[in-house]
Structures are given as C-alpha cells and as structure tokens.
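The values are calculated or read from the model by the stated rules, or taken from the named source; none is laboratory data. Worth saying up front: this structure is predicted, and the values here are computed from it rather than measured. No Cβ is skipped: glycine too gets one built from the backbone with ideal geometry, and neighbour counts run over all protein chains shown.
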Amino acid sequence: MESKNKFIRGFKVAYKEFSIKLITGGSICTLLLTAFLSCSFLEWAYVILFLTMMHGIEFFNTAIEWMVDIVSPEYHDYAKVAKDCGSAAEMLFDFCSFTGVGIILVPKILEVVGV
C-alpha cells in the first residue's frame, strides 16, 4: 500500500512540472491520431511503449533536477553538469521516440491525405 501512495504522490508532484504537462498533452494527441489512423496492435504497442518511456525519462530528469537543487542550492559547475546531462538524456530519448512514432504514423498520415 505504501508503494501505491508513493506512486500517486510522485505523479502529483511531477505533474506540477510544465514539461510533463506538455509531454502528456502531446501523448494524448498522439494516441488520438493513432486511433484515427486505425493502427495495428503491434503499432499501438510501439506507440504506447515510446510514450510511456518518454514519460518515465522525464520523471527521472525531474527527480535529478530536484535532487541537485536540494544537494546544491547555490550554483555549482558540477550541479549544472548533472542537470545538463539529465536533460541531454531526456532530449536524446525524446528524439528517438519522435522518430519511432513518426516511422509508424507518417506513412499512414500520407496515405490518408492521398500523397
């Protein structure tokens, strides 16, 4: 029961971050588009995997940034490096997710618009 409470508390705290709200909004739009394009079960699985992992990476990056702020409240070069590395990892995976979902959805979009 305690782990469920931590899970819920983590979501509540994380969803105060604008970046997580932005990713969630984009994910909802992506899921709606995936439904509209009548994707196969496997395509759905990959889209959900990419979106879920993107959220997970963002949660980790948020945790890193908050921990760095606690451990090093004043500016420090190493604290900046830690935050920058977390952001870089997130952006790298976001690019991978965007590419993977694009590979699945773009051909279907082009088919619908007749290109």
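Please list, ordered by first then second residue, the pairs with beta carbon atoms under 9 Å, 6 or more apart or interchain, first in segment 96-108 and assigned to a helix (DSSP H, G or I), second small (Gly, Ala, Ser).
Close Cβ pairs (under 9 Å, with a partner that is small (Gly, Ala, Ser)) amount to LYS108/SER38.
Can you tell me which residues in segment 1-14 are without any contact (Cβ under 8 Å) to a residue 24 or more places away in the chain and either assigned to a helix (DSSP H, G or I) or under 14 Å from MET54 (Cα atoms) (or both)? Break it down stepwise before answering.
Of the residues in segment 1-14, the ones without any contact (Cβ under 8 Å) to a residue 24 or more places away in the chain are 1-9, 11-13.
Within segment 1-14, GLU2, SER3, LYS4, ASN5, LYS6, PHE7, ILE8, ARG9, PHE11, LYS12, VAL13 meet the criteria.
Listed here are the residues, each with its yes/no results for (1) of a type outside the set (Asp, Glu); (2) at pLDDT 90 or above.
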| site | (1), (2) |
| --- | --- |
| ASP69 | no, yes |
| SER72 | yes, no |
| ALA89 | yes, yes |
| GLY100 | yes, yes |
| ILE103 | yes, yes |
| GLY114 | yes, no |
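Please determine whether any residue of segment 87-95 is part of a loop (DSSP other than H, G, I, E, B), touching a residue at least 24 places away in the same chain (Cβ under 8 Å) and of a type in the set (Asp, Glu). Don't jump to the end; show me each part of the working.
The initial filter retains those residues of segment 87-95 that are part of a loop (DSSP other than H, G, I, E, B), namely none.
Looking through segment 87-95, none of the residues is part of a loop (DSSP other than H, G, I, E, B), touching a residue at least 24 places away in the same chain (Cβ under 8 Å) and of a type in the set (Asp, Glu).
Confirm whether SER40 is under 30 Å from LYS108 (Cα atoms), of a type outside the set (A, V, I, L, M, F, W, C) and without any contact (Cβ under 8 Å) to a residue 60 or more places away in the chain. Don't jump to the end; show me each part of the working.
Numbers: under 30 Å from LYS108 (Cα atoms): yes; of a type outside the set (A, V, I, L, M, F, W, C): yes; without any contact (Cβ under 8 Å) to a residue 60 or more places away in the chain: yes.
Yes, satisfied.
Could you run through segment 32-43 and say how many residues are part of a helix (DSSP H, G or I) and either among the β-branched types (Val, Ile, Thr) or on the phi > 0 side of the Ramachandran plot (or both)?
First pass over segment 32-43, keeping only residues part of a helix (DSSP H, G or I): 32-36, 41-43.
With the extra rule that they be either among the β-branched types (Val, Ile, Thr) or on the phi > 0 side of the Ramachandran plot (or both), the set shrinks to 34.
Going through segment 32-43 one residue at a time, the tally reaches 1.
So which residues in segment 44-76 are part of a helix (DSSP H, G or I), of a type in the set (Asp, Glu) and without any contact (Cβ under 8 Å) to a residue 12 or more places away in the chain? Steps first, please.
We begin by selecting, within segment 44-76, every residue part of a helix (DSSP H, G or I); these are 44-71.
Subset that is of a type in the set (Asp, Glu): 58, 65, 69.
The one that is part of a helix (DSSP H, G or I), of a type in the set (Asp, Glu) and without any contact (Cβ under 8 Å) to a residue 12 or more places away in the chain: ASP69.
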